[in-house]
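Asks: Handing you this structure, nothing more for now.
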Amino acid sequence: MGSEMEPLLLACSYFRRRKFQLCADLCTQMLEKSPYDQAAWILKARALTEMVYIDEIDIDQEGIAEMILDENAIAQVPRPGTSLKLPGTNQTGGPSQAVRPITQAGRPITGFLRPSTQSGRPGTMEQAIRTPRTAYTARPITSSGRYVRLGTALFEYIFHHENDVKTALDLAALSTEHSQYKDWWWKVQIGKCYYRLGMYREAEKQFKSALKQQEMVDTFLYLAKVYISLDQPVTALNLFKQGLDKFPGEVTLLCGIARIYEEMNNSSSAAEYYKEVLKQDNTHVEAIACIGSNHFYSDQPEIALRFYRRLLQMGVYNCQLFNNLGLCCFYAQQYDMTLTSFERALSLAENEEETADVWYNLGHVAVGIGDTNLAHQCFRLALVNNNHHAEAYNNLAVLEMRKGHVEQARALLQTASNLAPHMYEPHFNFATVSDKIGDLQRSYVAAQKSEAAFPDHVDTQHLIKQLKQHFAAL
């Protein structure tokens, strides 16, 4: 073998070992000697792409631009159970909202933090539109063995590394034309560009056309993403089920269905699909975490503990897992393990928000054992670490109410309800305190907010009824 082959072989070896920077540098040296070496160009483009590659299917950052300029609402008042914007009440016999905490957006907290839910909001419009996005994904990276030609490597480089969607779209359009519209891969790439540009209907046409030519799991996943962005979860569910007819037992499709059910508050159906996922892949972290979470909120901490221990055995080792283990141990009355789990969680916390969550849960443990002073300190520490922790404000207010410090409690509850308008507890507690001190008007307004956040809350309905009787008597 000639010596001129060696640098390329070495570069390929670097690429296979994921040493992308070394690979790109070596390719650059080769291209200085022979600028028309196609193999070196392809390898360099791929190495640079892989450095910033994100799995487009798994991640979906909703930046400021998408939030403000969203014109894709189909109906102003969607029917219950057909929209992700208004997930609707829980009619499925799963854990109720009174038991299961909800996110800022008003959905029940799931067992798994997905790449799309942890997006740091971009600061400005410009950033939202231009930032190249990098993230690690839980999904195995999809590859279709298509990187053979320079065109495909160039497209991936422009799309992922440069984040220049418009140029990537032009290249994909020319390539599709060149292949006489018979190449499904290029149609999928055009669809990806349209999706990134927010042109969902155009993206839908491209993905559908690609599916007609060649049925691929990825294309089903991309098309479902389009329907979710258009707030059509039912259409997305039907599409996933079509995909499962073609690819029975495909984990990513089953997982997609489970996620949609979870976002629509239908946690029992979500758990069924996550169980199907585990039948196909019993090391699927997301499925194990979500089933564990579902058992925990269905008053089965012992069973939840088994799922979280399974994650620990698999080598997942982070703050959230020990936090959950601590809570499960506490509610399953295994007190010897509770504090050690929380200590481990605190030592593994990577940022202040995680630390705040651990202190908040420790506060719950303190309330459970009746040590209100310790609880007070824990909730205060939660607020020291995260000043926007609405639940900690709410619980501190309850402790203040018990001590008879009414005005302090009201101030804390006002802060909590401003921070999390979707939570019913601060509104309800504010209504209760105001009712006690005779501020009936503000009590009534707060009680109505509580009812809007959680219509099935019996105590809120009872309070509103009482207040109406007061007003009638006046």
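The values are calculated or read from the model by the stated rules, or taken from the named source; none is laboratory data. From a predicted model like this one, the values you see are computed outputs, not experimental measurements. Virtual Cβ from ideal backbone geometry, glycine too; neighbours counted across all protein chains shown. All accessible areas refer to the heavy atoms of the entire protein, side chains included, with ligands and DNA or RNA removed. Shrake-Rupley method; radii C 1.70, N 1.55, O 1.52, S 1.80 Å.
Asks: Could you list all residues from the range 195-204 that are assigned to a helix (DSSP H, G or I) and surrounded by 14 or more Cβ atoms within 10 Å (Cβ to Cβ)?
Replies: Across the range 195-204, the qualifying residues are 195, 196, 200, 202, 203, 204.
A quick yes/no check of all residues on (1) at pLDDT 95 or above; (2) not in a helix (DSSP H, G or I):
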position: 122; (1), (2): no, yes
position: 128; (1), (2): no, no
position: 135; (1), (2): no, yes
position: 143; (1), (2): no, yes
position: 153; (1), (2): no, no
position: 181; (1), (2): no, yes
position: 187; (1), (2): yes, no
position: 193; (1), (2): yes, no
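Asks: Kindly check whether there is at least one residue in the range 166-188 that is within 26 Å of the chain's Cα centre (by Cα) and under 28 Å from residue 36 (Cα atoms).
Replies: The answer is no; no qualifying residue exists.
Asks: Is it fair to say residue 28 is closer than 19 Å to residue 150 by Cβ and either open to solvent by 70 Å² or more (accessible area, probe 1.4 Å) or modelled with pLDDT under 95 (or both)?
Replies: When the stated conditions are applied, residue 28 does not pass them.
Asks: From the list 215, 162, which one is under 28 Å from residue 43 (Cβ atoms), surrounded by fewer than 20 Cβ atoms within 10 Å (Cβ to Cβ) and of a type in the set (Asp, Glu)?
Replies: Answer to the selection: 162.
Asks: Okay, moving on. Checking residue 303 against (1) open to solvent by 20 Å² or more (accessible area, probe 1.4 Å); (2) under 25 Å from residue 188 (Cβ atoms), only one condition comes out false. Which one?
Replies: (2)
Asks: Restricting to the range 404-456, name every residue that is surrounded by fewer than 20 Cβ atoms within 10 Å (Cβ to Cβ), part of a helix (DSSP H, G or I) and among the small types (Gly, Ala, Ser).
Replies: 411, 452 - these are the residues of the range 404-456 that are surrounded by fewer than 20 Cβ atoms within 10 Å (Cβ to Cβ), part of a helix (DSSP H, G or I) and among the small types (Gly, Ala, Ser).
Asks: Would you mention how many residues in the range 323-371 are closer than 29 Å to residue 402 by Cα and hydroxyl-bearing (Ser, Thr, Tyr)?
Replies: Here the count works out to 5.
Asks: Going by the structure shown, is residue 407 out of contact with any His (no Cβ under 8 Å at 6 or more places or on another chain) and either free of Cβ contacts under 8 Å to residues at least 60 places away in the same chain or more than 16 Å from residue 363 (Cα to Cα) (or both)?
Replies: Yes: the conditions hold for residue 407.
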